[in-house]
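To start, the structure itself, in structure tokens.
The values are calculated or read from the model by the stated rules, or taken from the named source; none is laboratory data. These numbers were taken from a predicted model, which means no experiment stands behind them. All Cβ positions, even for glycine, are placed from backbone atoms using ideal geometry, and neighbour counts span all protein chains on display. What goes into the accessible areas is simple: the full protein's heavy atoms, side chains included, and nothing from ligands, DNA or RNA. Shrake-Rupley method; radii C 1.70, N 1.55, O 1.52, S 1.80 Å.
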Amino acid sequence: MAFPIGAGLLDAIVLAVVEEESTYGYKIAQEVREVIELSESTLYPVLRRLLKEGCLCTFDKEFNGRNRRYYQLTPFGKVRLAQYRADWREYCEKVSGVLLKEEQDK
């Protein structure tokens with residue numbers, strides 16, 4: 001993709017992935033990679049920041065004899081995700097209005 005991904009957009013994507021169901025870091029990374037290039041070393045600081053901000057909470061669950069940390073959206077995280085979605089819709093409309101103006105005029 002030719003466009004850089006900022007922290008806010010990355011936060012929004014991670015929250016949207018976790019919204020569906022509680023999930024663990026590696027699976028989050030796989031789902032995010034379906035839409036943007038992302039390394040696990042980039043993902044975990046994002047998860048820690050979202051935890052610190054109260055958007056996510058965690059719980060551990062045993063898997064194959066070891067604990068796996070799961071991330072879950074908090075009520076505050078749901079509010080934040082709704083705001084990101086509203087901001088994204090507005091942003092897309094504005095950018096499309098300029099970037100795709102020629103196509104829209106036809």
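Kindly establish whether CYS57 is of a type outside the set (Phe, Trp, Tyr), surrounded by 10 or more Cβ atoms within 10 Å (Cβ to Cβ) and within 20 Å of ALA29 (Cβ to Cβ).
Yes.
SER39 - would you say it is surrounded by 12 or more Cβ atoms within 10 Å (Cβ to Cβ) and over 26 Å from GLU90 (Cβ atoms)? Walk me through it before giving the result.
Details: surrounded by 12 or more Cβ atoms within 10 Å (Cβ to Cβ): no; over 26 Å from GLU90 (Cβ atoms): yes.
So SER39 fails the test.
What helices (runs of 4 or more DSSP H), lying completely within segment 1-102, carry at least 2 residues that are more than 11 Å from the chain's Cα centre (by Cα) and of a type outside the set (A, V, I, L, M, F, W, C)?
25-33, 40-52, 75-99
Taking segment 14-35 on its own, how many of its residues are modelled with pLDDT under 95, closer than 15 Å to TYR84 by Cβ and open to solvent by less than 70 Å² (accessible area, probe 1.4 Å)?
Final tally of qualifying residues: 1.
Of (1) in contact with a Leu (Cβ under 7 Å, 6 or more places away or on another chain); (2) aromatic (Phe, Trp, Tyr); (3) open to solvent by 80 Å² or more (accessible area, probe 1.4 Å), PHE76 satisfies all except one. Which?
The one condition PHE76 does not meet is (1).
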